[in-house]
Each structure stands twice: as C-alpha cells, then as structure tokens.
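Structure, as structure tokens:
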Ligand SMILES: [Zn+2]
C-alpha cells in the first residue's frame, strides 16, 4: 500500500493499476502472456527460457524432452517424501491460438490490465492462467516448508492447439513419460460464467469423415439416372436430419450440455468440373463429435446404413477417428476424485461435472489409462477461449492460486492405493 492511500480497510475501491503495487503473481502472469507462443510460429524457446528461470527460483529440477524437432516437453519435479508412490501431474500447454488483432480492444500480447483488474491477452483463459497458478501454488507451499508423500510434476507441453500430435500424443508413448509414474492428472477445463466451477471427466471423440458418392456421368441437358448428386443429396439429408435431432435433444433437456450430444457439421463439399457435365463423383465431409456414452460401433453401423440407403457406390473414409472412451471416475469411492472433490467442498466451491465439448491433451492421458480431470479454476467469467478480447480478472486468477494451494496437498497426500501397497510392500 502506498503512503496516503486507503489502508486495507479502505473498502472495495478499484485500484489504479499504474500506481498500486501489483501482486507479484499477477505480474508473472502478465509477463508470461507477453511471450508470443502463438501459432503458426510459437516462440517455444522464449517460453522455455521463462520456465527455466522459474524452475531456478523454485529450486526444482527442470527436465526437457524433445519429442519432435523443435517440440520440447518441459517437466519440473517436486519430489515427495515417498517418491515410490504414483505421482500427481499438473499439466498445461504453452501454445495459444492466433488472434485477429483488429477485433481486440488492446494488444493481444500486451497483457493490459484495466481499472477493474481485467487482464486482457491471448492465453489469459487458455491456459497460461493455469500454468502460473500451478507455479505460484507450488511456490507458496514450498515457502511454507510443506512436503507431501507424492511427487508432483508440472508439465509444460507444446502444440496442444494444433492437435497435440507433436506434443502430448507422442510424449505419452515415450519411456520418459512412463518414468514419471503418474497416478492422477490435472489438465485444462473451461471458465464458468456462474458461481460454480466446471470440471471435465471425459471428452467427446472427434471423427472427421468424407463420404464419396459415385454415379452415372452424362450431359447436363438430360435426366441421367443414378447420379452422384442424387446420392449426395440423400447423404446430406441423413446427416443433417440426425444433426437436427441432436440439436433438439440438447435444447429440450435441461440437464444436457454440448458434451452430452453428438454435434454434426457439414464442413466441405467437393466435386464437378463444368456446369453442363454430370460428374461421376461428389464428396461431402463432416465434423462429428461423439460423446463417450454413445456406442461407437453402433454409430458407425448407422453411417454405413445411411450410405447403403443412399444407393450403390457410396463409400466413406475417415481423416480422423478417435476411439478412446475412457472416463475418469467421479464416484466418491475413487480416492483421487474423493481427494479432489472434498478439497473443493472444504473451500465451498460448487462443482459442475461435464464432458468436455472439444478435444484437449487429456484425451491422450486418459487413453493410456490414467485418470485426468479438466479444471481451470475460473468462475464468474465468460467463456472466451479462442475468442477476441480474451481476459481474466486478477481476483479470479489469484483465487485460483489459493484453490491449487488446497488441491495439490490433498492429491499429493492420497494414501497408498491397494495396488501401490502391493507394489511397494
Ligand atoms: Zn487449451
């Protein structure tokens, strides 16, 4: 507090950011936001240099694994008092999506803070906030001299925003990942505009499919039978009718979120050579996102049936077909979930459990059989990831650090599971 200013009892006056001494955690957050880890040419080197400095400050070893040329996963490790136990992973990605600067009120990489304490910048929600919250929580816990049985790893991963293929997807199959001996992972979630906090225990599977319709070619002046376009028409109708049904299901059931229904979007159409030539084939592509509650086998049978019903010579091909439907337990009998949810209820945080509507690196973690919860502690915040004018209020940000200061000890103190007791008896 500066001399002459209101003391701590001065009330809810909003501080002038240029005069007040800013919380060092907020300053660090803003510094990180200014590193342009934005696609298509993310400054990963800049981010690693920044993290190197933090690891030195925290006194933690910082290991780097190059999973692909120019793609490095960084891991800071805080060893537990019983390092044989399975560890806790605090995961975050370092990259951010591109911006359309003309639609922003402020420089998207300037980390401007307005009079209300709203910090603007690409990555304020997705997910540089969480990275710094993990770091600041660990800094606080360490400075209080605390230790926990389980080892905690902070992992910093590239390329999540472009599918994770040169990041987490590769890394989970490397021996260096195995060596981390992970028992439970925290990864990103989404903001919640209300008072509660959203947690994600599963993700929908993205399928990208192209349906090829073949038929009789001919001259555009006649009624040629059995054309590619007639079949394309039927295919589009089948997919779009299904889309309509799912949309209705979402809109009429109060307990459904986007993660509970299958979204269908027609994203590409290709075919034809000239106005007066009936082409021998036409292609249509769809982006499908399928909730883990849907039988993928039955869903593909349905697609097959639609193709058969459209006529002969209709085939399909997948450009992407994720098949993993692992869900992370949110039963009270699960020790990880019990630790997580009890810590949250002790802080009076209301949780909303959901299936993540899009895809994150958590799907790779769950695919290798590990439990992962998607959680970005932002309530009373509009969901602005990938949007213009992405921002986060500093009070919400600082509260998130306190939340991790309770969550990390709870998770890192989960007593040996029956399987671990056997392993290390
Ligand atoms: Zn993200």
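The values are calculated or read from the model by the stated rules, or taken from the named source; none is laboratory data. If you're wondering where the values come from, they're calculated on a predicted model, not measured in any experiment. As a convention, Cβ positions derive from the backbone with ideal geometry for all residues, glycine included, and neighbour counts pool all protein chains shown.
If you filter the stretch 149-159 down to residues that are touching a helix residue (DSSP H, G or I) at 6+ places or on another chain (Cβ under 7 Å) and surrounded by 21 or more Cβ atoms within 10 Å (Cβ to Cβ), you find that the one that is farthest from residue 69 (Cα to Cα) is 150. Residue 317 satisfies every condition listed in (1) touching a helix residue (DSSP H, G or I) at 6+ places or on another chain (Cβ under 9 Å); (2) farther than 30 Å from residue 341 by Cβ; (3) part of a strand (DSSP E or B) except (1). Residues being assigned by TED's automatic domain parsing to the domain that holds residue 140, within 16 Å of the ligand (Cβ to nearest atom) and touching a residue at least 24 places away in the same chain (Cβ under 8 Å) are entirely absent from the stretch 330-343.
Here the condition is being surrounded by fewer than 16 Cβ atoms within 10 Å (Cβ to Cβ) and under 12 Å from the mean Cα position of the chain (by Cα); of 163, 110, 202, 115, it holds for 163 alone. The residues listed here are 98, 69; of these, the one that is within 14 Å of the ligand (Cβ to nearest atom) and either under 21 Å from residue 42 (Cβ atoms) or in contact (Cβ under 8 Å) with a residue 12 or more places away in the chain (or both) is 98.
Looking at the stretch 121-154, which of its residues are within 12 Å of the ligand (Cβ to nearest atom), on the phi < 0 side of the Ramachandran plot and touching a strand residue (DSSP E or B) at 6+ places or on another chain (Cβ under 6 Å)?
Pass one, the stretch 121-154, residues within 12 Å of the ligand (Cβ to nearest atom): 122-131.
Cutting the leftovers down to on the phi < 0 side of the Ramachandran plot gives us 122, 124-131.
Residues satisfying the conditions are 122, 124, 125, 127, 129, 130, 131.
Got at least one residue in the stretch 396-417 being modelled with pLDDT of 95 or more, more than 23 Å from residue 152 (Cβ to Cβ), in contact with a helix residue (DSSP H, G or I) (Cβ under 7 Å, 6 or more places away or on another chain) and crowded, with 19+ Cβ neighbours inside 10 Å? The answer is no, given that none of the residues of the stretch 396-417 is modelled with pLDDT of 95 or more, more than 23 Å from residue 152 (Cβ to Cβ), in contact with a helix residue (DSSP H, G or I) (Cβ under 7 Å, 6 or more places away or on another chain) and crowded, with 19+ Cβ neighbours inside 10 Å. Evaluated against (1) in a loop (DSSP other than H, G, I, E, B); (2) in contact (Cβ under 8 Å) with a residue 60 or more places away in the chain; (3) closer than 26 Å to residue 299 by Cβ; (4) away from the ligand (no atom under 16 Å from the Cβ), residue 194 falls short on exactly one condition, (3).
State yes or no: is residue 415 farther than 20 Å from residue 143 by Cα and either more than 23 Å from the chain's Cα centre (by Cα) or in a helix (DSSP H, G or I) (or both)? It would help to see each step written out before you state the result.
On the way: farther than 20 Å from residue 143 by Cα: yes; either more than 23 Å from the chain's Cα centre (by Cα) or in a helix (DSSP H, G or I) (or both): yes.
Yes.
Anything in the stretch 386-395 that is buried (at least 20 other Cβ atoms within 10 Å of the Cβ) and out of contact with any helix residue (DSSP H, G or I) (no Cβ under 9 Å at 6 or more places or on another chain)? List them, or say none. Passing the criteria: 390, 391.
Give the stretch 162-191 a look and list any residue that's assigned to a strand (DSSP E or B), within 16 Å of the ligand (Cβ to nearest atom) and farther than 20 Å from residue 325 by Cβ, or say none.
Residues of the stretch 162-191 assigned to a strand (DSSP E or B): 182-187.
With the extra rule that they be within 16 Å of the ligand (Cβ to nearest atom), the set shrinks to 185-187.
Answer for the stretch 162-191, where residues must be assigned to a strand (DSSP E or B), within 16 Å of the ligand (Cβ to nearest atom) and farther than 20 Å from residue 325 by Cβ: just 186.
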